[in-house]
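Everything below concerns the one structure shown next.
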Amino acid sequence: MRTIAHVDMDAFFAAVEILDNPSLAGKPVIIGSRDSPRGVVSTCSYEARAFGVHSAMPIRRAIELCPHGVFIPPRHDRYHEVSQALFVLLREFSPLVEPLSIDEAFLDMTGCEHFYSSLEDMGQTIKDAIRQRLKLSASVGIAGNKFLAKLGSGLQKPNGLVIIGEGQVEEVLAPLPVDVLWGVGAKTTRELARLGISTVGQLRGVPEEWLVRKFGKMGRQLFLLARGIDDRPVECEWEAKSLGAENTFPADLFDVKVLEAELLRLSMQVGRRLRQGNLSFRTLTLKARYPDFTTLTRSKTKSSWPRDDWSIFAGARELLHTLDLTKGFRLLGVYLTGLYPFRQLDLLEEERSRLTTVIDELNEKWGRTVIGPARVWEADD
């Protein structure tokens, strides 16, 4: 039997903003620029959720639901900084930590149970450490596998702690809607509803053979998850699979100079995160969306790339100029994949690395870009 904990930070981006500006406490904080009505909500505080605001909602709709909300443009570098501190803390509890995103992770605590008086004590100790060191709130679920642990962390948010023991699985799962099961999206939910199946308890009554005939390999997964069975191990590769940043513009952009300045901003964001993680990359991808919502990606792969912002930007700009620039763009994004631990290659790379490290340290010290390419400020007039 395993003991798996899932740690999920509560309204992470909003919580970090409130941490840095305590006057926001108790207010409906919404992460997303009010000046970008075509953008979307990154996340929001629980006070904002009371008005129906939620992640991925268009900013325009969030303004309609909560016009008095405090809209804050996201500061991804700051969130990444806090996330790094979070994962350092989590690895003090177990060497087996599997990040799911910037603000949540699985911990395999198997064999550590004797350090705590109970599983409740284990979960509360993790929560208390996060509260004391990061001044933030987290919800924790503990169970015998990853599916149940993640389910538990979401049952009593915010600041929740849920233990799902072996004898409680059916009791917990039966009344829940089928879309709590991994892999069950809107389409599968509708198909199951047409068959009269809307809860996990109802799904448990369906034979495995019938589910496999109806849904193929997914049917087998439905059968197992409805019974709380999940044998996947915690995979402790900590490296992110990709880094990226994108921006939806308030109005369609046609000016090539402005487009390149926006592309440089995005390159600076992902470049700083790349270096903070001490990573290199092999593939650079440009994401672009035309005003008619047609979305394209263009990629370029090398055995290795320089890690400085200008090299990332140069690659992204080259990809941008393979597209039809006369149509204008409503969104641009820069993504880095094929990540691997950074290794010093040559003296030129060492000099470039020293320069970018000094620039990163200065910008992080001031909490904003104080040294960077002139065209970034030119775009801001």
Quiz prompt | The listed residue being at pLDDT 90 or above and out of contact with any Phe, Trp or Tyr (no Cβ under 8 Å at 6 or more places or on another chain), out of G205, G228 | solution = G205
Quiz item: Taking D20 and the conditions (1) within 19 Å of the chain's Cα centre (by Cα); (2) among the acidic types (D, E); (3) surrounded by fewer than 21 Cβ atoms within 10 Å (Cβ to Cβ), which numbered condition does it fall short on, given that it satisfies the others?
Solution: (1)
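Go through P22, P37 for me and flag whichever is modelled with pLDDT of 95 or more and either over 20 Å from S139 (Cβ atoms) or in the same structural domain as D252 (by TED's automatic domain parsing) (or both).
On the way: P37 fails: modelled with pLDDT of 95 or more.
Among P22, P37, only P22 is modelled with pLDDT of 95 or more and either over 20 Å from S139 (Cβ atoms) or in the same structural domain as D252 (by TED's automatic domain parsing) (or both).
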Exercise. Could you name every one of the helices (runs of 4 or more DSSP H) located completely within segment 24-143 that has at least 3 residues being in contact with a Phe, Trp or Tyr (Cβ under 9 Å, 6 or more places away or on another chain) and either farther than 26 Å from D230 by Cβ or of a type in the set (K, R) (or both)?
Key: 59-65, 76-90
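Suppose the filter is among the hydrophobic types (A, V, I, L, M, F, W, C), part of a helix (DSSP H, G or I) and either free of Cβ contacts under 8 Å to residues at least 12 places away in the same chain or crowded, with 17+ Cβ neighbours inside 10 Å (or both); does L203 pass it? Steps first, answer last, please.
Working: among the hydrophobic types (A, V, I, L, M, F, W, C): yes; part of a helix (DSSP H, G or I): yes; either free of Cβ contacts under 8 Å to residues at least 12 places away in the same chain or crowded, with 17+ Cβ neighbours inside 10 Å (or both): yes.
In short, yes.
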Quiz item: Does segment 295-318 include one or more residues that are under 21 Å from the mean Cα position of the chain (by Cα) and modelled with pLDDT of 90 or more?
Solution: yes
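Inspect all residues belonging to segment 257-278 and state whether any of them is crowded, with 16+ Cβ neighbours inside 10 Å, over 25 Å from the mean Cα position of the chain (by Cα), part of a helix (DSSP H, G or I) and among the basic types (K, R).
Residues of segment 257-278 crowded, with 16+ Cβ neighbours inside 10 Å: 259-277.
Then keep just the ones that are over 25 Å from the mean Cα position of the chain (by Cα); that gives 259-261.
Checking which are part of a helix (DSSP H, G or I) leaves us with 259-261.
Pick out the ones that are also among the basic types (K, R) and you get none.
No; the residues of segment 257-278 include none that is crowded, with 16+ Cβ neighbours inside 10 Å, over 25 Å from the mean Cα position of the chain (by Cα), part of a helix (DSSP H, G or I) and among the basic types (K, R).
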Quiz item: Within segment 324-347, which residues are exposed (fewer than 15 other Cβ atoms within 10 Å of the Cβ) and out of contact with any helix residue (DSSP H, G or I) (no Cβ under 8 Å at 6 or more places or on another chain)?
Solution: D324, T326, K327, Y340, P341, R343, L345, D346, L347
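The values are calculated or read from the model by the stated rules, or taken from the named source; none is laboratory data. Since this is a predicted model, take the numbers as computed values, not measurements. For neighbour counting, all protein chains shown are included, and Cβ atoms are generated from backbone atoms with ideal geometry for every residue, glycine included.
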